[in-house]
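Mind looking over this structure? Questions follow.
Please treat every number below as a calculation from the coordinates, not as lab data. Remember, predicted model here, so these are calculated numbers, not experimental data. Cβ atoms come from the backbone with ideal geometry, glycine included; neighbour counts cover every protein chain shown.
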Amino acid sequence: MNNVARRDQTAIRPFQVSIPEAVLAEMRKRIQATRWPDREPVADGSQGVRLATMREVAGYWGTDYDWRKCEASLNARDRWS
Amino acid sequence: MNAVAQPKGSDATAIRPFHVNVPEAELTEMRRRVKATRWPERETVEDQSQGPQLATLQKLARYWEAEYDWRKVESRLNALPNFITEIDGLDIHFIHVRSKHKNALPLIVTHGWPGSVIEQLKIVDPLTNPTAHGASAADAFDLVIPSIPGYGFSGRPTATGWDPAHIARAWVVLMKRLGYTKFVAQGGDWGAVIVDVMGTQGHPELLGIHSNMPGVIPVDIDNVARTGAPMPSNLSPDESLCYERLATVYAKGIGYGYQMGLRPQALYGIADSPVGIAGYFLDHDARSLAMISRAIDGQPEGLTPDDILDNVTLTWLTDTFVSGARLYWEDFQAQFSFFGVKGVSVPAAVSVFPDELYPAPRSWSERAYPKLVYYNKLEKGGHFAAWEQPKLFSGELRAGFRSLRT
């Protein structure tokens, strides 16, 4: 996201991840606005990820999940693009 | 979806009048989602080999959000007699138009994927009112156009088992419930599979079928085409052409069929996005995509941007993307080939439109349908024949079924 072009394109440039808060807010808004299909008509995962599973993931993702923890661990050591 | 049907009485098998009336708030919400679409970058090729092109979808979305008027097709739907009745525990929606002409032949016409009864709206008057379209009263039909389970205004199955064979049997129940003891059936795409299967089930009421995507590919040829093995050497020129087209379909097309056949429930993102549905629906096959893309670019031929958006919008508003996708899963369980011979025993009529997935040769049609009563190759038209070329298509049904009238 934040890589800055240098004159020498083959240079190895330090890189840090820093997602704007607005992007995360927009993602949470979209998750919360999801229109869900019906429950699968089977009692297992044979038609794909089950509705209840997806809704549980989305319920957590749209509220309590914290991207910044992942971002921090990505940025914790020197990272190279 | 707040379409209005009369409440169920004590008799679930009653035939209930139905009207479409989408609340304005749902249309506003749809437009909001279209406008809020997050787009991928432009495709990395100069053609449609990666799917519908970004510029095409963006042009369609701009029109959809700013100018498209759902109320026009809603009025066209409501101008026809719509009904719902319950079959095997599921609400089945259908359009039912009786001809004013005596001795009209009862006909049930079935849409496909990605489709709905909107595919058939242009053929209603030509088939039921032939004298207004330069045809004879003797060629009139009483017309029934059902919505496949999980599509449009029919119910969305909550249990497995609504495969083409079940749908075929349900259509016979529907026709008998309407009082038709002898009738014919027509279909393209899934409708073609359904009428083929109906023609194998030994229904004494079924006088014959017409298909514009006839299941005529010999089983061994179908298997070879699917695996990409070299073309058998003993084919005639017409058979070779059909084989080449079919092998290309298997190798380069119908990826969506495998996705929906194996994992329909995985398509959460598409069910959540009007543009997602449009992007998937435009890509049924390469020739249809090319034709639809030209139409969106200002050269309508067969289908218009409004035609396309009517069908996509209906699917969005009825929230039937995933329930419709499940028909592929059901078919994968039942293992009916889309294109292969199924053992039809009733009289059959075949119309070959040049831009269909494959041009069914007469030789294979005669083998697949021992009682082939009609075979004709058209000069133009493609996979969505009833929708693209309603005049030609109506003529084919009149000619194809003529010998089955008493």
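Compute the distribution of all C-alpha to C-alpha distances in region B:114-243, in bins of 10 Å from 0, and list the percent of pairs in each, rounded to whole numbers.
Percent of Cα pairs in each bin: 10, 32, 31, 19, 7, 0.
Considering only B:Arg32, B:Arg287, B:Arg42, give the residue with the highest GNM mean-square fluctuation for chain B, with springs between Cα atoms whenever their separation is below 10 Å.
B:Arg42
Under 28 Å Cα-Cα from B:Lys371, which lysines qualify once same-chain neighbours fewer than 8 residues away are excluded?
Here the lysines satisfying the reach criterion relative to B:Lys371 are B:Lys102, B:Lys176, B:Lys182, B:Lys342, B:Lys380, B:Lys391.
For region B:292-406, rounded, prolate or oblate, judged on the Cα gyration tensor with a ≥ b ≥ c (square roots of eigenvalues), a/c < 1.5 rounded, else prolate if a/b > b/c?
Taking the square roots of the gyration eigenvalues as a ≥ b ≥ c, region B:292-406 is oblate.
When you take every Cα atom in chain B, what is the radius of gyration, and what is Dmax, the widest Cα pair distance, in Å?
When restricted to Cα atoms, chain B yields Rg and Dmax of 20.3, 62 Å.
For region B:140-199, count the residues as N, evaluate 2.2 N^0.38 Å, and divide the Cα radius of gyration by that value, please. Write out the running numbers ahead of the final one.
On the way: Rg = 11.6 Å, N = 60, 2.2 N^0.38 = 10.4 Å.
Taking the Cα Rg and dividing by 2.2 N^0.38 Å, one obtains 1.12.
What FRET efficiency do you get for B:Ala137 and B:Glu24 if R0 is 41 Å and r is their Cβ-Cβ distance, rounded to the nearest 0.05?
Plugging the Cβ-Cβ distance into 1/(1 + (r/R0)^6) gives 0.45.
Any chance you could list the semi-axes, whole Å, largest first, of the equivalent ellipsoid that the Cα gyration tensor gives for region B:233-318, using √(5λ)?
28, 20, 8
Report the local net charge at A:Ala58: Lys and Arg +1, Asp and Glu -1, summed over other residues whose C-beta lies under 13 Å from its C-beta.
Numbers: positive: A:Arg28, A:Lys29, A:Arg30, A:Arg35, A:Arg50, A:Arg55; negative: A:Glu56, A:Asp64, B:Asp272.
Local net charge: +3.
Rg/Rh for chain A to two decimals, with Rh computed the Kirkwood way over all alpha-carbon pairs.
Radius of gyration over Kirkwood radius for chain A works out to 1.17.
Just report the Cα centroid separation between region B:242-312 and region A:19-81, whole Å.
28 Å
Kindly provide the pair-distance distribution of the protein assembly as shown built from C-alpha pairs, with 10 Å bins from 0 and whole-percent values in order of increasing distance.
The calculated distribution, bin by bin, is 4, 18, 28, 26, 14, 6, 3, 1, 0.
Enumerate the aspartates and glutamates that B:Lys100 could reach by cross-link, defined here as Cα to Cα under 15 Å, with residues fewer than 8 away along the same chain left out.
Answer for B:Lys100, where 15 Å is the Cα cut-off: B:Asp125, B:Asp139, B:Asp142, listed by chain and number.
Order by neighbour count: B:Ser323, B:Ser233, B:Ser273, fewest other Cβ atoms within 10 Å first, most last.
B:Ser233, B:Ser273, B:Ser323
Please report, in debye to the nearest 20, how large the charge dipole of region B:316-369 is about its Cα centre when each Lys and Arg carries +1 at its beta carbon and each Asp and Glu carries -1 there.
On the way: 4 positive and 6 negative charges, 48 e Å.
Rounded to the nearest 20 debye, it is 220 debye.
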